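The values are calculated or read from the model by the stated rules, or taken from the named source; none is laboratory data. Treat the numbers as computed from the prediction; the structure is a model and nothing was measured. Cβ atoms come from the backbone with ideal geometry, glycine included; neighbour counts cover every protein chain shown. The area values use the complete protein model at the heavy-atom level, side chains included, leaving out ligands, DNA and RNA. Shrake-Rupley method; radii C 1.70, N 1.55, O 1.52, S 1.80 Å.
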Amino acid sequence: MSVNRLLRVGTVAVASLGVLALSACGSDPEPSGSSSPEGSSSAGADCPQGTLNAEGSSAQKNAIEEVIAKYNEKCADVTVNYNPTGSGAGIKQFTAAQVDFAGSDSALKTEASDGDSEAAAAAKRCQNNAALNLPMVIGPVAIAYNVDDLDKLILDGATAAKIFQGAVKTWNAPEIAKLNPGVTLPSAPISVFFRSDESGTTENFTKYLAAAGGGAWTGKPAKKWTGTGAGKEKSAGVAEGVKSTKNSITYVEWSYAVDNKLGVAQIDNGSGTPVELTAETAGKALAAAKPAGTGSDLSMKLDYATKEAGAYPIILVTYEIACSKGLPAEKTALVKSFLSYFSSTEGQSSLTELNYAPLPDEIRTKVDAAIQSIS
């Protein structure tokens, strides 16, 4: 087992006792502009002291726990607590001033559905200053399955939409068989699992179904699931549901599919060749993303219907939601120090082994600049 995996195991064990703080001894981070292979942080020459509390996306749980462990090797006097309750809960806790930053698999909503929009509520929490959407973790979303002797499965957007809508009910349905010629598919019913909590993973996956489903997905993209299936809480819940249930399927962040040894479908994006999920193919999809924010707000618009060859279209970006201004000085120093390390070359390089895709340098440098603008 690698050192990184051992660190993750240790972190999870501590989390199970209700304490997510990690600490270790080491040297201070280097400036973020460093090209050294040792990595970097813009926290400055000295590490701060104190406790930082955050909550939200469970999709980035494995990533942020790894980064916390490595950050504490450099900044031993900072305790970082992260509670992976889901993106919706994290944003609510952030706007209620219960945590110092939030993790969300979608940027803050600027339109209001009932009361203030997420962005407006976050601005109030930041003492009438804007909250920033800082892309930090690229988490490909796997269509993960558990079917005996089915080592390879190909799906396209329309067929996936029909499965998760409930229109395709059995594994040997014509739609699936057509995409998988020569493959023996069972006649068993398809058991679908979905996220029962409000989830940015759900929102990103339903954006894919809406964009690439050819009209087969009838719901609107949202954090709350509207398709068929049985609900399970958080990424760990749906992954465990599929792992323990034959002939089942779900959508889940890639690292959970790998950790639970689930099958991962290849996606026919219309380019002519099915695309296997890898860090490289996920990165190609991110390259098609367009900026949606302005200034230091780095929200992005993903192209879920891309037909670029070799681009895996179902990805999510976990944003760290942080105040541009408005936190007490000691909290501001903690937020900047930790997020600077998270966005550094060293912080990002540790994520590939955990089945996340690191930020491309052109995005990473913008994230770092936005973090340094926090005051």
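List of remarks:
- Here r is the Cβ-Cβ distance between Thr170 and Glu276 and R0 is 25 Å; the resulting FRET efficiency, rounded to 0.05, is 0.50.
- Electrostatic bookkeeping for Trp217 treats Lys and Arg as +1 and Asp and Glu as -1; over the other residues with beta carbon under 11 Å from its beta carbon, the sum is +3.
- Considering only the chain, percent of DSSP beta bridges that pair antiparallel, nearest 5: 60
- Modelled label reach - Lys261, point 7 Å along Cα→Cβ, segment 148-178 residues with backbone N closer than 18 Å: 148-152
- Placing +1 on the Cβ of every Lys and Arg and -1 on the Cβ of every Asp and Glu, with nothing else charged, gives segment 100-177 a dipole about its Cα centre of roughly 160 debye.
- Estimated vicinal HN-Hα couplings, Hz - segment 141-152 in sequence order (Karplus 6.51, -1.76, 1.60; Gly, Pro = x): 9, 8, 8, 9, 9, 9, 9, 4, 6, 9, 7, 9
- Toward the positive end of the charge dipole of the chain, with +1 on the Cβ of Lys and Arg and -1 on the Cβ of Asp and Glu, the farthest Cα among Gly227, Ala123, Asn72 is that of Gly227.
- For segment 124-139, 3J(HN,Hα) per residue [Karplus equation, 6.51 cos²θ - 1.76 cosθ + 1.60, θ = phi - 60°, Hz, x = Gly/Pro]: 4, 4, 8, 6, 6, 10, 5, 8, 9, 9, 10, x, 10, 10, 8, x
- At an R0 of 22 angstrom, the distance between the Cβ atoms of Glu111 and Thr294 translates into a FRET efficiency of 0.85.
- Long-range amide H partners of Leu316 with built H, under 5 Å: Gly139, Val141
- Distances between placed amide hydrogens fall under 5 Å for Gly231 paired with Phe194, all partners being 5 or more residues away or on another chain.
- Spread of Cα-to-Cα distances over 5 Å intervals beginning at zero, given as percent, for segment 82-129: 5, 24, 33, 26, 10, 2
- Cα centroid of segment 101-138 to Cα centroid of segment 64-83, whole Å: 24
- Summary value for the chain: 23 percent relative contact order, contacts being C-alpha pairs under 8 angstrom separated by 6+ residues.
- Stretchable slack from Gln372 to Ala177, in nm (0.36 nm times residue separation minus alpha-carbon distance): 65.0 nm
- Mean shadow area of segment 306-375, taken as a quarter of the surface of its Cα convex hull (nm²): 5.7
- Residues in segment 182-204 reached by a label modelled at Asp149 [backbone nitrogen below 18 Å; 7 Å Cα→Cβ]: 182-190
- Residue-span extension gain [Ser349 to Ala97] - 0.36 nm each, minus C-alpha spacing: 87.6 nm
- Carbon plus sulfur fraction of accessible area for segment 221-375, probe 1.4 Å, in percent: 52
- Relative frequency of Cα-Cα separations exceeding 34 Å in the chain, percent: 25
- Ordering of 103-112, 177-186, 328-337, 202-211 by packing [mean C-beta count within 10 Å, highest first]: 202-211, 103-112, 328-337, 177-186
- The charge dipole of the chain, taken about the Cα centre with unit charges on the Cβ atoms of Lys, Arg (+1) and Asp, Glu (-1), comes to about 920 debye, rounded to the nearest 20.
- Average accessible surface area per residue within segment 68-179, 1.4 Å rolling probe, Å²: 37
- Farthest toward positive dipole pole in the chain [+1 Lys/Arg, -1 Asp/Glu at C-beta], among Asn133, Ala311, Gly237: Gly237
- For Met300, the residues whose amide H sits under 5 Å from its own are Ala292, ignoring neighbours fewer than 5 places away on the same chain, with H placed 1.01 Å from N.
- In order along segment 251-258, phi translates into HN-Hα couplings of 10, 7, 4, 3, 4, 5, 5, 5 Hz, rounded to whole numbers, per the Karplus curve 6.51 cos²θ - 1.76 cosθ + 1.60 with θ = phi - 60° and x for Gly and Pro.
- For the peptides 145-154, 217-226, 64-73, the ranking by mean Cβ contacts within 10 Å, running from highest to lowest, is 64-73, 217-226, 145-154.
- Label zone at Thr228 (point 7 Å along Cα-to-Cβ), backbone N below 14 Å, segment 164-194: 164-176, 188-194
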